[in-house]
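Reviewing the structure listed below.
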Amino acid sequence: MGTKRRREKPTLAGLPGYLLLLVILLLWLFQELRPDSLSPPPQAEAGGLEVYFMPQEGEAAKARLIALMDGAKESLEGAFYEFRDLEIAKALFRAKERGVRVRLYGESDYRSDFRRYLVGGALGQGGNTPRVPQEALRQRVKPLSLDCEEIVGIPVCFDEREGFMHHKFLVVDGQAVWTGSTNMTWNAFARNNENSLLLPSAALAQGYAREFAALFGGTKEGLGEPIAFSLSPEKGIAAQGTAYFSPKGGTLARQALLERLRAARKEILVAAFVLTDREVVEALVQAHRKGVGVQVLLETRNLKDSREDELLRAGVAVRKDGNPYTLHHKVMVIDGAFVVTGSYNFTARAWQVNNENLLILQSPGLAERYREEILRLWREGQPL
């Protein structure tokens, strides 16, 4: 009888050359294109985050922001949608005067405000509204290019695209990021319902700095590179998460938001300036139908645009806010563990057109703070 030859298992080394190359290519594509292909969070950095809610913490928040500017040693890079605050303007000018590199990027619709408030701040004007003669503007505003100018020695570039440059972030010395819903205006700190975060993460700050550099340098849609980071609980609230940037990375941002909503098991609390993204609304409806407790608080003056009717028809609890000024949050709290925040409104333009940053954070401690604030505003609101 003949002896059966044992069949050897095929190995990559035994494949013909072209098949081996094909397998390697497919493995690389799978690694690069799979949804969870982001790099893992870096090692946790020591430094707890800080959170502020306006208007009740508006004075403390602005004082903290100005202290960051006054404490900067190397650089301040701010991407600001609106700019109408003399105290902040004075702090930026002080930083520039002591040798800190200050650069700003703004929305072109508010170019005249950047000029008036920065010049007014440099002149030491008080109050909420500067009175700057045209001659003072001519002397202190120097054109650098079509989109950029130097205002009291501070280079400021503007986004002239059709979409909004809607960021509200400041990078301090490449070591910390201030961001959230709060515009650099007196009204935002003193009257509106807003939230701001101070995130002392070098990894995050350097990612925001790269996004800023792209915008400032003329790449109007930004880089769109997600930034993962982690903060340890040694000095305050611990958190880990990812920051996303629109419009270049808008598809990733929206996908991450929808995935987090679809994964909800117990509760979703929403406080939103506007809510028009159809898939976000559908995700909230589907969560409600699965038995998740969903509560949605909306800015009253945007009800004509938001899709609250679809939520109400599905039985979702919806209220309009009680602030006579503006509920400007773009916030969700999910399962008491995740917080969604940033400049990113829940609209199609937020991920397709505008310059935005969206943070999805995992932090029970932070989630509890946001949850308390949304429920407080919910109690002040009115059912629809």
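Expressed as a whole percent, the accessible surface of the chain that belongs to carbon and sulfur atoms is 52, based on a 1.4 Å probe. Only aspartates and glutamates eight or more places from Lys96 in sequence, or on another chain, were considered; those with a Cα closer than 14 Å are Asp70, Glu74, Glu77, Glu150, Asp173. Each stretch of four or more DSSP H residues adds -39500 (n - 2.57); spread over every residue of the chain, this sum gives -10500 deg cm²/dmol at 222 nm. Between the C-alpha center of segment 218-275 and that of segment 312-359 there is a gap of 12 Å. In the full protein context, the chain carries 46 Å² of accessible surface per residue, based on a 1.4 Å probe and ignoring ligands, DNA and RNA. Taking all Cα pairs closer than 8 Å and separated by 6 or more residues, the relative contact order of the chain comes to 17 percent.
Amide H contacts of Thr185: Arg84, each under 5 Å away and 5 or more positions distant or on a separate chain (H built 1.01 Å from N in the peptide plane; Pro and chain starts excluded).
With contacts taken as Cα pairs under 8 Å at a separation of at least 6 residues, segment 140-198 carries a relative contact order of 19 percent. Expressed to the nearest 5 percent, the antiparallel share of DSSP beta bridges inside the chain is 65 percent. Would you indicate which of (i) 132; (ii) 195; (iii) 208 is the value of volume of the Cα convex hull per residue in Å³ derived from the coordinates of this structure? Calculated volume of the Cα convex hull per residue in Å³: the matching label is (ii). In a fully extended conformation the segment linking Arg131 and Arg301 would gain 58.1 nm over its present Cα-Cα distance, using 0.36 nm per residue. Summary of packing: across the peptides 318-330, 280-292, the per-residue average of other C-beta atoms within 10 Å ranks them, highest first, as 318-330, 280-292. Over 31 Å between C-alpha atoms is what I'm after, so list which of Lys220/Lys266; Lys142/Lys220; Lys90/Lys248; Lys90/Lys320 land there. Lys220/Lys266; Lys90/Lys248; Lys90/Lys320, as the Cα separations exceed 31 Å there.
Packing order of peptides 161-167, 245-251, highest average first: 245-251, 161-167 (average count of other Cβ atoms within 10 Å over each peptide's residues).
The values are calculated or read from the model by the stated rules, or taken from the named source; none is laboratory data. Everything numeric in this text was worked out from a predicted model, so none of it was measured. Quick reminder, even Gly has a Cβ in these numbers, built from the backbone with ideal geometry, and neighbours come from all protein chains shown. With ligands, DNA and RNA removed, areas are computed over all heavy atoms of the protein, side chains included. Shrake-Rupley method; radii C 1.70, N 1.55, O 1.52, S 1.80 Å.
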